[in-house]
Amino acid sequence: MKSNVDNVEGSNMLIDERRQHVMSLIQRDGRVLVSELSDALGISRITIRKDLDYLESKGLVQRTHGGALAPQSSALLDPSLKEKEHHQLKEKQHIAAAAVKMVKEGQCVLLDSGSTTTAIARALREFSRLTVITNAVNIAAELANTDFDVILTGGSLRKSSFSLVGPLAEDVLREMHADILFLGVDGFDTKVGLTTPNVLESRVNRAMVNASTKVVAVCDSTKFSRRSLALIVAPSALHAVITDDQISDEDAEALRSAGIELVIT
């Protein structure tokens with residue numbers, strides 16, 4: 001019987017890359033088998049089981065005898081931009097309105113991909129002179145008819161999020177400097193930091209943080225107390241967080257105690 005698992009050089013993969021590959025298979029097929037992954041990746045079944053146990057501990061998969069399934073809320077693994085846009089819409093608009101108050105005319109603004117940062121891009125239209133750097137193709141399109149200088153990072157396209165990732169995007173960002181970064185996230189654990197389901201996306205996000213004078217996380221309150229697969233940065237890398245008024249008192253206090261400016265919309 002033919003395996004549904006793609007044949008890749010698993011032995012040459014980094015751990016995070018291997019786990020991301022497993023996640024992509026689960027999202028595509030709804031399940032994976034330990035035996036098939038072991039054969040396709042050329043690594044031991046013990047290692048595969050450890051990977052699946054780790055992913056289950058993060059709430060990303062549901063372990064079964066001999067493999068793993070996508071969890072019931074599988075859309076939360078790495079939802080498409082279209083799916084995200086309809087979630088917490090009003091909160092995102094309020095976050096965007098608060099975000100543009102941090103921007104000054106003539107500045108260089110760096111925008112991560114995502115539905116919240118897309119809302120911010122639309123709100124930035126009230127300015128006349130800005131430079132906007134982004135890895136989001138849809139955000140560049142949103143701003144195409146403005147007088148802004150719009151810079152796309154380049155890279156490989158992730159079709160679900162319209163974002164550009166990979167070494168080319170990272171290399172471009174190393175040569176850039178932005179006054180302020182608005183960074184959207186999929187998970188925000190105030191002890192661990194900001195996380196995203198995609199390893200390549202996390203690396204680009206980290207390069208954005210390093211390229212920016214001020215780093216602002218923008219996320220609705222449902223993103224707190226959640227962890228996704230790949231760590232972007234620890235909370236200590238942030239200067240400010242903009243979120244809605246449903247954030248828990250515990251998370252709000254943790255951010256303020258860490259010296260992070262908290263803006264509640």
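Some notes on this structure:
- Most simply put, the chain has about 40% antiparallel DSSP beta bridges, counting only bridges with both residues inside it.
- Taking amide hydrogens as placed 1.01 Å from N in the peptide plane, the amide H of LEU183 sits under 5 Å from those of VAL216, ALA217, VAL218, each at least 5 positions away in sequence or on another chain.
- Between the Cα long axis of helix 15-29 and the first principal axis of the chain there is an angle of about 80°, rounded to the nearest 10.
- Backbone phi angles across the stretch 242-249, fed through the Karplus curve with coefficients 6.51, -1.76 and 1.60 (θ = phi - 60°), yield HN-Hα couplings of 10, 8, 9, 7, 8, 4, 6, 4 Hz in residue order; Gly and Pro are listed as x.
- Helix axis angle, 45-57 relative to the chain longest principal axis, alpha carbon, degrees: 40
- Order of THR116, THR64 - criterion: other Cβ atoms within 10 Å of each residue's Cβ, fewest first: THR64, THR116
- For ILE260, ILE133, ILE46, order by how many other beta-carbon atoms lie within 10 Å, fewest first: ILE46, ILE260, ILE133
- Taking all Cα pairs closer than 8 Å and separated by 6 or more residues, the relative contact order of the stretch 81-264 comes to 19 percent.
- Residue-averaged 222 nm ellipticity for the chain, from DSSP H runs of 4+ at -39500 (n - 2.57), nearest 500: -10500 deg cm²/dmol
- Rounded to the nearest 10 degrees, the angle from helix 199-210 to the longest Cα principal axis of the chain is 30 degrees.
- Exposure proxy order (Cβ contacts within 10 Å, fewest to most) of GLU105, GLU201: GLU105, GLU201
- Nitroxide proxy distance, nm - points 7 Å out along Cα→Cβ at ALA144 and LYS159: 1.9
- When the listed pairs LYS58/LYS92; LYS92/LYS223; LYS104/LYS214; LYS92/LYS214; LYS50/LYS223 are checked against a 24 Å cut-off, the alpha-carbon distance exceeds it for LYS58/LYS92; LYS50/LYS223.
No value in this document is a laboratory result; all are computed from the given coordinates. All figures in this text were calculated on a predicted structure; none of them were measured in a lab. Neighbour counts are summed over all protein chains in view; Cβ atoms, including those assigned to glycine, are modelled from backbone coordinates with ideal geometry.
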